[in-house]
Amino acid sequence: MPELPEVEVTRLSFATRIAGARVLGARLGKPLRWALGCEPQSLVGLAVGEVARRGKYLWVPLQRGGLLMHLGMSGSLAFSEVHDAPGPHDHFDLVTTRGTLRLTDPRRFGAVVWSDALHHDPAARLLAGLGLEPFDPAFTGARLHAALRGRRVAIKQVLLAGDVVVGAGNIYACEALFAAGIDPRTRSSTLSKPRCERLADAVRRTLARALELGGSTLRDFRDAHGMAGAFQLQAGVYGRAGLPCPRCATSVRRVVQGQRATYFCPACQRR
Ligand SMILES: [Zn+2]
């Protein structure tokens, strides 16, 4: 599943090239998760603004509104001056004077939705409940500590839920907790402020490393799964059950939390 770093690398791959372009047309393929919510023809002539990201959503501003895009489980976006005829998995094309932005999504959990503004529905509704951006200066240990007050669930679950901070998908949540030395099963409300500081820092550093990896090795980024795969090769614990912890050589353990696999070092990570 494309995670925040992949979505951000995707944004960086076309944001400057598409800014200022005018829409020549839009083409829909098979239905996506949600309907477009406007006539494709109504987009013609609109100028593209500065593409932004919020969580795993991309916002493509188009003068009197914009398109909110999500890559779902298997989606990827590519911007190209020349595009072949759409294939069976290409379900949305935004044709512009600078090139075509194409959503390829075999499983069709992705979406492209028109909204009059980010703070109007449906965008507002879809973005409601998202936590802070990990690189937002407001995301501090103190803020995290305050947000965890009264939360009885395991810290890994809170990270995955994304309502405190966005971006810590399964692999990144596991790696951040490893970097912070926190057992993923720890009850959230019991984490001290200093440990919250370490965790907030670890979340930022983990996602920054993933971004760096995406930016350096996958500049021409097409496969949203390739990047998590490349990150996984450098992982300390994720996907490494039974292998030695890179820090202390204790066997990495795998448990299941909320139906997702969690990997951690039972020696380095404490409750
Ligand atoms: Zn260890």
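The values are calculated or read from the model by the stated rules, or taken from the named source; none is laboratory data. Quick caveat, the model's predicted, so the values are computed rather than measured. Here the Cβ is made from the backbone with ideal geometry for all residues, glycine too, and neighbour counts use every protein chain on show. Heavy atoms of the whole protein, side chains included, go into the accessibility calculation; ligands, DNA and RNA do not. Shrake-Rupley method; radii C 1.70, N 1.55, O 1.52, S 1.80 Å.
Can you tell me how many residues in region 145-158 are in contact with a strand residue (DSSP E or B) (Cβ under 7 Å, 6 or more places away or on another chain) and open to solvent by less than 10 Å² (accessible area, probe 1.4 Å)?
Initial filter on region 145-158 (in contact with a strand residue (DSSP E or B) (Cβ under 7 Å, 6 or more places away or on another chain)): 152, 154-157.
Narrowing the set further to residues that are open to solvent by less than 10 Å² (accessible area, probe 1.4 Å) leaves 155-156.
Counting residues in region 145-158 that are in contact with a strand residue (DSSP E or B) (Cβ under 7 Å, 6 or more places away or on another chain) and open to solvent by less than 10 Å² (accessible area, probe 1.4 Å) gives 2.
Residue check: is Asp183 at pLDDT 95 or above, within 15 Å of the ligand (Cβ to nearest atom) and either open to solvent by less than 50 Å² (accessible area, probe 1.4 Å) or under 27 Å from Lys56 (Cβ atoms) (or both)? Write out each step before concluding.
Working: at pLDDT 95 or above: yes; within 15 Å of the ligand (Cβ to nearest atom): yes; either open to solvent by less than 50 Å² (accessible area, probe 1.4 Å) or under 27 Å from Lys56 (Cβ atoms) (or both): yes.
Here the answer is yes, as Asp183 does meet what is asked.
Looking at Arg209, Arg247, Arg204 in this structure, which one is within 16 Å of the ligand (Cβ to nearest atom), open to solvent by 50 Å² or more (accessible area, probe 1.4 Å) and either more than 20 Å from Tyr57 (Cα to Cα) or modelled with pLDDT of 85 or more (or both)?
Details: Arg209 fails: within 16 Å of the ligand (Cβ to nearest atom); Arg204 fails: within 16 Å of the ligand (Cβ to nearest atom).
Within the list Arg209, Arg247, Arg204, the selection yields Arg247.
Which one is nearest to Ala117 (Cα to Cα) among residues in region 49-67 that are hydrophobic (A, V, I, L, M, F, W, C) and open to solvent by 10 Å² or more (accessible area, probe 1.4 Å)?
Trp59
Just need a number here: residues in region 1-26 that are open to solvent by 70 Å² or more (accessible area, probe 1.4 Å) and not in a loop (DSSP other than H, G, I, E, B).
5
Take Phe264 and tell me if it is aromatic (Phe, Trp, Tyr), open to solvent by less than 50 Å² (accessible area, probe 1.4 Å) and modelled with pLDDT of 95 or more.
Against the criterion (aromatic (Phe, Trp, Tyr), open to solvent by less than 50 Å² (accessible area, probe 1.4 Å) and modelled with pLDDT of 95 or more), Phe264 qualifies.
Just to be sure before I move on: is Met69 of a type outside the set (Asp, Glu) and assigned to a strand (DSSP E or B) in the structure I sent?
It is true that Met69 is of a type outside the set (Asp, Glu) and assigned to a strand (DSSP E or B).
Can Met73 be described as over 21 Å from Arg98 (Cβ atoms) and either of a type outside the set (Lys, Arg) or at pLDDT 95 or above (or both)?
Yes, satisfied.
Just for region 84-114: of the residues that are among the aromatic types (Phe, Trp, Tyr) and not in a loop (DSSP other than H, G, I, E, B), which one is farthest from Met73 (Cα to Cα)?
Kept after step one, since they are among the aromatic types (Phe, Trp, Tyr), are these residues of region 84-114: 92, 109, 114.
Still in the list and also not in a loop (DSSP other than H, G, I, E, B): 92, 114.
Working: Phe92: 16, Trp114: 20 Å.
So the residue we want is Trp114.
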